[in-house]
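Participant: I'd like to ask you about the structure that follows.
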Amino acid sequence: MTALPFRTAQQLAAAVRSKKIGCLELLDLYLKRVERHNPRLNAIIALDIAGARKRAKAADKALAKGDVWGPLHGVPMTIKESYDVAGMPTTWGDPALRANIATRDALSVARLKAAGVTLFGKTNVPLMLADWQSYNAVYGTTNNPWDVTRSPGGSSGGSAAALAAGLTGIEAGSDIGASIRNPAHYCGVYGHKPTWGIVSPRGHALPGRVAQGDISVIGPLARGAEDLEIAFEAMAGPDDIDGDGLRLKLPKPAHKKLRDFKVAVMLEDPNSAVDDTVKTLLQELAHFLGRRKVTVSDTARPDIDTGELHRLYIKLLRSATSGRQSDAAFAHNQAEAGRLPAEDQSYYAQMTRANVLSHRDWLAVNERRHQLRLRWAEFFREYDLLLCPVAASAAFPHDHAGERHERTIEVNGKRVPTTDQLFWAGINGVCYLPGTVAPIGRTPDGLPVGVQIIGPQYGDRTCLRFARLLEREHYAFEPPPGYD
């Protein structure tokens, strides 16, 4: 039996409902673990102990009366710092926002509370959620619990690290550039990037902003696939203004067993080399699926030029985040884009041009994106899922020198630009498709590796069902050593 702090949220909620442990007792267990282990990780960077204990006591009283608040009744929870939680700071790691205290809960926070969670803290992020590391001048650096010299991922790095180390029961993050998927992969937990637009981001934004950004989504992280389903169902759906005319009704999974699925497996791509330690585990997964009578193809692909897809993603990604620029930064990037030669197609050049892309040019890029969406839809008429890497490697060593686009990581003994692996973020993100990450093993160095499970638009439940079957039959969450 898994030690209590490392059990899934569903298992914790079951223990509470059966009165094997009280809500306050469970909260205090996690708070003691935070006190003991968090200094080494710096995953949880803000706490509301008094508010959480008040909530846990109320949850115990409600349960004594037979009143169950929801499927996560009494489960202690932390959440990514970028979500508004009333009375707590929302800084996005920016010192200029250090004094920003939320006055109300984000919609998803309210919905998770309605599902029964006891929210007790917030977890670390990179500055402006813009890195696959989680460090900033407000809260410092978060470490990976599998190896504290390495990144836990980003931008939901604190979320994944806290889950893996058994410091919280369940989490939620956000994802525009694999910011849920990448930390889940690096820390050996589960994460789900929903189909764009089906989980309202109200309250997950810089101060004063309410419009949903292009590509950007919010979604759950957890130690179990079923937890993802529970939290996703709690979070999903339109906000009040859209809910007056729209209802979310996602299709149920068509398959109940692994052998019912028809999947394509993609191990690498010319746009992003993948380390052999990652490819080996993905290949082992493909062989396992074949032995389980799953229909597996290692050649089936949507009719898409992946190089074009990647270029579109960079343009749309950096256009989506361009509103964060100051007037001075925008003017600088305009001048820089004009200086760059047309033949320069480096990531820096593509990023700089996208930061100042005209609306007319954006419309042309967006039109092409929507054409490629139709090609993905054709692919998913024949295949249920596409399985591929989450990133080019397992978690890499901390590297805070210079700008992100200047840094490199090691892949198969060679130094390659860290931004190359954004390909695996955009492969489904740019066309709004869902993606679930499930752990599938560890490298020879003992670092976790996950698989990215990509499904059709609105096929979230199919991705989650497949992850749950893998968890049951192939590989499940394992706690990192040293956190008992």
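Participant: Could you list, in sequence order, the residues of segment 154-174 that are of a type outside the set (A, V, I, L, M, F, W, C) and touching a Ser or Thr at 6+ places or on another chain (Cβ under 7 Å)?
Facilitator: GLY154, SER155, SER156, GLY157, GLY158, SER159, THR168, GLU171, GLY173, SER174
Participant: Being within 13 Å of the chain's Cα centre (by Cα) and assigned by TED's automatic domain parsing to the domain that holds ARG150 is true for just one of ILE198, ILE176. Which residue is that?
Facilitator: ILE176 is the lone residue from the list that is within 13 Å of the chain's Cα centre (by Cα) and assigned by TED's automatic domain parsing to the domain that holds ARG150.
Participant: From LEU163, LEU127, which residue is more than 30 Å from ILE241 (Cβ to Cβ) and over 13 Å from the mean Cα position of the chain (by Cα)?
Facilitator: Result of the check over LEU163, LEU127: LEU127.
Participant: Name the residues in segment 410-463 that are over 30 Å from ILE230 (Cβ atoms) and part of a strand (DSSP E or B), would you?
Facilitator: Selection gives GLU410, VAL411, LYS414, ARG415, VAL416, PRO417.
To keep it simple, each residue is scored yes or no on (1) under 30 Å from LEU470 (Cβ atoms); (2) outside any helix (DSSP H, G or I); (3) of a type in the set (A, V, I, L, M, F, W, C).
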| residue | (1), (2), (3) |
| --- | --- |
| THR277 | yes, no, no |
| LEU285 | yes, no, yes |
| ARG301 | yes, yes, no |
| GLU308 | no, no, no |
| ALA329 | no, no, yes |
| ALA342 | no, yes, yes |
| ALA349 | no, no, yes |
| ASP361 | no, no, no |
| ARG375 | yes, no, no |
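Participant: Residues being outside any loop (DSSP other than H, G, I, E, B) and either among the hydrophobic types (A, V, I, L, M, F, W, C) or within 30 Å of GLN133 (Cα to Cα) (or both): count how many of those fall in segment 53-112.
Facilitator: Count: 22.
Participant: Which of the residues belonging to segment 1-14 are within 27 Å of the chain's Cα centre (by Cα) and not aromatic (Phe, Trp, Tyr)?
Facilitator: Of everything in segment 1-14, those that are within 27 Å of the chain's Cα centre (by Cα) and not aromatic (Phe, Trp, Tyr) turn out to be THR2, ALA3, LEU4, PRO5, ARG7, THR8, ALA9, GLN10, GLN11, LEU12, ALA13, ALA14.
Participant: Out of PHE466, PHE477, which single residue is modelled with pLDDT of 95 or more and not in a helix (DSSP H, G or I)?
Facilitator: Every option except PHE477 fails the conditions.
Participant: Can you tell me which residue in segment 126-169 is surrounded by the fewest Cβ atoms within 10 Å (Cβ to Cβ), limited to those that are over 29 Å from CYS23 (Cα atoms) and aliphatic (A, V, I, L, M)?
Facilitator: ALA137
Participant: Looking only at segment 13-52, filter to residues that are among the acidic types (Asp, Glu) and part of a helix (DSSP H, G or I); which one of those is surrounded by the most Cβ atoms within 10 Å (Cβ to Cβ)?
Facilitator: ASP28
Participant: Does PRO183 satisfy the condition of being within 19 Å of GLU229 (Cα to Cα) and either at pLDDT below 95 or out of contact with any strand residue (DSSP E or B) (no Cβ under 6 Å at 6 or more places or on another chain) (or both)?
Facilitator: yes
Participant: Considering only segment 102-111, I want to know if a residue exists there that is in contact with a helix residue (DSSP H, G or I) (Cβ under 8 Å, 6 or more places away or on another chain) and not charged (D, E, K, R).
Facilitator: yes
The values are calculated or read from the model by the stated rules, or taken from the named source; none is laboratory data. Owing to the predicted nature of the structure, the values given are computational and were not obtained by experimental measurement. No Cβ is skipped: glycine too gets one built from the backbone with ideal geometry, and neighbour counts run over all protein chains shown.
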